[in-house]
């Protein structure tokens, strides 16, 4: 039996996460908002110093995201299959454009100012979606040839290679870190040759070690310095306790760990964070998870992680239950994207992964991230309309009967 309705459990969880994110931004961004508006007041934008700057911008992001979601969830996902090439080429051109017309934020050149938008556009966030759509289109088209080295694997990796090359030029190696599991998962579900994946894994490892080694020899004057990657990896490899005592750990990571440790099991209470008052940089963005742990405690962190895992489970269930190959591959890619980005962010906050600058899905402040994720979820829910759960139950029942024989 094919469902005619979207998966409402995913819809309500995502909506809850977005609302929860705005509530947390209203708490954690008080000091940051004050700093921004105090500077803007000197240019006569404000008469006083309101502390709701980031909350109001988040509401604008959400309003645009909700409109995009409403349009996309009503659009048959076959539309994206039909225009997969156009979508991919559009965001490839956007990645090229950002190399020439960029807006810098904290030293990174990943944004483009777009007229009439209340935020700078970050093309790489939408490129993740575009890459998933085009790889799904490619896998369906080459379904019978995907296990072949020359007709399947190499052209598939060439598509990813184009994206990697443009991200290296920015440089944005952390987005490559997110895209790689997506590419692997989709290739695996598409019945690609595992030996080809293992061989490419060695190539990727050599590439990563080369970037790390180049960072050791960078000078401050290098235009595309890799030293920031090397430093972040070194901070990650350092023992947390000794690194904090010896002041060799990254300051942001140190303050994040202090926030998490201060929260304990039940937290200090909503709005009672200490680290948000100028101690923890990017508190409304990359490190909002640390302040959630500080204010709400370990219990709410477990709830948050459980919600991401539930979305992942439902997403892979949709992928498995969808008979259309394009829908199956897209659902796999989107679900992998959400899980990868979620747990990379959480891992960074816990210092079990190097500092990356990757946001926490649906919760961290960021217009491009929220819009691209709302777009992705809308497509996933659209695919869920065609999920044949009865067929999956029959497969599971057949598997159990054969196992019991």
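Every number here is computed from the coordinates shown, using simple stated rules; none is lab data. Keep in mind that what you see is a predicted model, and the values were worked out from it rather than measured. Here the Cβ positions follow ideal geometry from the backbone for every residue, glycine too, while neighbour counts run over all protein chains shown.
At a glance:
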{"read-out": "For 272, 140, order by how many other beta-carbon atoms lie within 10 Å, fewest first", "value": "272, 140"}
{"read-out": "Relative contact order, percent, the range 289-368 [alpha-carbon distance under 8 Å, six or more residues apart]", "value": "23 percent"}
{"read-out": "Cβ crowding within 10 Å averaged over residues, with 25-34, 282-291 ranked highest first", "value": "282-291, 25-34"}
{"read-out": "Footprinting exposure proxy for 86, 196, 61 (fewest neighbouring C-beta atoms within 10 Å first)", "value": "86, 196, 61"}
{"read-out": "180, 253 arranged by Cβ crowding within 10 Å, fewest neighbours leading", "value": "180, 253"}
{"read-out": "Global geometry of the range 147-193, whether rounded, prolate or oblate, following the gyration tensor of its Cα atoms and the 1.5 cut on a/c", "value": "oblate"}
{"read-out": "Cβ-Cβ FRET estimate between residue 188 and residue 265, R0 fixed at 35 Å, reported to 0.05", "value": "0.35"}
{"read-out": "Estimated distance in nm for a label pair at residue 165 and residue 352, the labels positioned 7 Å out from Cα along Cα-to-Cβ", "value": "3.7 nm"}
{"read-out": "Projected label distance in nm at residue 143 and residue 207, using a 7 Å step from Cα toward the beta-carbon", "value": "2.9 nm"}
